[in-house]
1. I'm trying to understand the selection: among the residues of region 145-168, which are farther than 20 Å from Leu212 by Cα and away from the ligand (no atom under 11 Å from the Cβ)?
2. Based on this model, can you work out whether Arg127 counts as in contact (Cβ under 8 Å) with a residue 24 or more places away in the chain and of a type in the set (Lys, Arg)?
3. Can you name the residue in region 103-124 that is assigned to a helix (DSSP H, G or I) and within 17 Å of the chain's Cα centre (by Cα) and is also farthest from His176 (Cα to Cα) among such residues?
4. On the given criteria, is Asp72 touching a Gly at 6+ places or on another chain (Cβ under 9 Å) and either closer than 17 Å to Val143 by Cβ or without any contact (Cβ under 8 Å) to a residue 12 or more places away in the chain (or both)?
5. What are the pairs, 6+ residues apart or on separate chains, where a residue within region 186-209 that is modelled with pLDDT under 95 has its Cβ under 9 Å from a residue that is of a type in the set (A, V, I, L, M) and outside any strand (DSSP E or B)?
6. Mind checking which residues of region 101-111 are surrounded by fewer than 22 Cβ atoms within 10 Å (Cβ to Cβ) and either within 10 Å of the ligand (Cβ to nearest atom) or touching a residue at least 60 places away in the same chain (Cβ under 8 Å) (or both)?
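The values are calculated or read from the model by the stated rules, or taken from the named source; none is laboratory data. On a predicted model such as this, the values are computed, not experimentally measured, just so you know. Methodologically, a virtual Cβ is constructed for each residue, glycine included, from the backbone with ideal geometry; neighbour enumeration extends over all protein chains shown.
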Amino acid sequence: MTAPLRIAVLASGRGSNLAALLTARECGGLAIQPTLVASDKADAGALRLAEAAGVPTLALNPRSYPSRRDFDLDLFARIADSGAELIVLAGYMRILDGGALQPWVGRMINIHPSLLPKYRGLHTHRRALEAGDAEHGASVHYVTAELDGGPVIAQARISVMPNDDEDTLAQRLLAHEHRLLPAVVGCIAEGRLGLAGADTVLFDGAALTAPLRLLEGQLHPHP
Ligand code: GAR
């Protein structure tokens, strides 16, 4: 048996995606060892979840640093010290400094609540509703210096219902995020996913031409 993948999780809020990873480890055999959960918000629910699970935590205050780059360099140094091999952004709401993140390209993923490249940034559910989209979804992508712009690994799709509002759409999508993120992390832990060059996602050794799709909890290449 190979060693579990050592991961650090960054989260700014309640931490339900972190909880999904921890549950998948406990109940679903996800082969991860969380080395650190870090936040830019000392009161983030994610930190309390991590403490309850016995995972080391770190809260850093951005206002204590002279610049974004200084903050991120310290954050990434502490993550490296924890022994993490992969950084998972799970509701981390701070923009990252492009230079500071460079050493982690190919080793850092983010979950974003839209079908990227649609709706980078904030208020994704509202924007999907305003555009009259029939489908909405979530994406997991490799993080690059371009905000929500790195190569997309996998997506979960849901239908937009006629009576959906921002909250119902977000709530319904979240349940799919909770399956999508552990599925992607699991494939990385098994060595089935990787980034080649600047923008080629490899799945089982083959370059993806479209994001993987989450179907019944499993990732599948788009036919
Ligand atoms: C999730 O919906 C995640 O996709 C989103 O924040 C939420 C965090 O929820 N991330 C972003 O918007 C990143 N741009 P959680 O704290 O319950 O996991």
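1. The answer is Ala145, Glu146, Val160, Met161, Pro162, Asn163, Asp164, Asp165, Glu166, Asp167, Thr168.
2. So Arg127 fails the test.
3. Once the filter is applied, the top-ranked residue is Trp104.
4. When the stated conditions are applied, Asp72 passes them.
5. If the second residue must be of a type in the set (A, V, I, L, M) and outside any strand (DSSP E or B), the pairs left are Ala198/Val105.
6. The answer is Val105, Gly106.
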